[in-house]
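Nothing in this text is a laboratory measurement; each read-out follows from the coordinates by a stated rule. Predicted model, so just to flag it, every value in this text is computed and none were measured. Every residue, glycine as well, gets a Cβ built from its backbone with ideal geometry; the counts of neighbours run over all protein chains shown.
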Amino acid sequence: MTPVSHASGRYRVLVPSVLLLRHASAAHGAARDHDRSLDAEGRVAAARAGAWLADHRPGVDAVLCSSAARAQETWECVRTRWERAPEAEIDEGLYMASTGALFARLQELSENVTQPLLIGHNPGLQQLGLLLAGGGESYGRLRSSLPAAALATITLPDSGWPDLQPASGELTELVTPADFRASRE
């Protein structure tokens, strides 16, 4: 992992981390689960998550997104809040992926990536956060829930993605839609 970012034209050292964003709330009624779209509340929550990310995590340098409609729509709402957003890799394999599959996908990341954003689904995403984090202030909160449109940030050692190990990180943030709302008011 190369811990340098040039977001906003400034250079600064980044601690490697992974950002786990659960898709925002979706409407029911689609013929297939994969095709469910965001509901009105979900679009608002995803836009607020995007604004928060733009303000607090401008160094996101890769986006891995589930192919489900609700995950892609979450990314579109997030992306519109960024001055310069990286291209998202839409990955069919992330749709309802197991914890092991998500972990393996992170291990495949390029060494140039320091702060990927992974947009996906529970229970895999929540379980990935618990697997990666050996602890942290919000670990208990993550164990109980990763709500729709919530973002977990896990700080990792600078050992490279192929060498990523369970419990090697620390859950440094768990931000929910209520937190996004409060930070904008």
Relative contact order of segment 87-180, defined on C-alpha pairs under 8 angstrom at six or more residues apart (%): 31
Globularity index of the chain, i.e. its alpha-carbon radius of gyration over 2.2 N^0.38 Å: 0.95
Cα-based equivalent ellipsoid of segment 80-185: semi-axis lengths in Å, sorted from largest, via gyration tensor: 21, 18, 15
Estimated distance in nm for a label pair at ALA104 and GLU83, the labels positioned 7 Å out from Cα along Cα-to-Cβ: 4.0
Amide H partners (placed H, <5 Å) of ALA26, local residues excluded: ASP39
Normalised contact order of segment 127-171, rounded percent, pairs of Cα under 8 Å and 6 or more residues apart: 60
Packing-based order for 57-65, 76-84, using average beta carbon neighbours within 10 Å, highest first: 57-65, 76-84
Residues with amide H under 5 Å from that of THR172, placed H, sequence gap 5 or more: THR153, ILE154, THR155
Sites matching trypsin sites (Lys or Arg not before Pro) across segment 23-68 that sit in DSSP coil, with at most 16 neighbouring C-beta atoms within 10 Å: ARG32
Computed helical MRE - 222 nm, the chain, DSSP H runs ≥ 4 contributing -39500 (n - 2.57), nearest 500: -9500 deg cm²/dmol
Value of relative contact order over segment 27-74, rounded to a whole percent, pairs C-alpha under 8 Å and six or more apart: 51
R0 of 30 Å, Cβ-Cβ distance VAL15-GLU92: FRET efficiency to nearest 0.05: 0.45
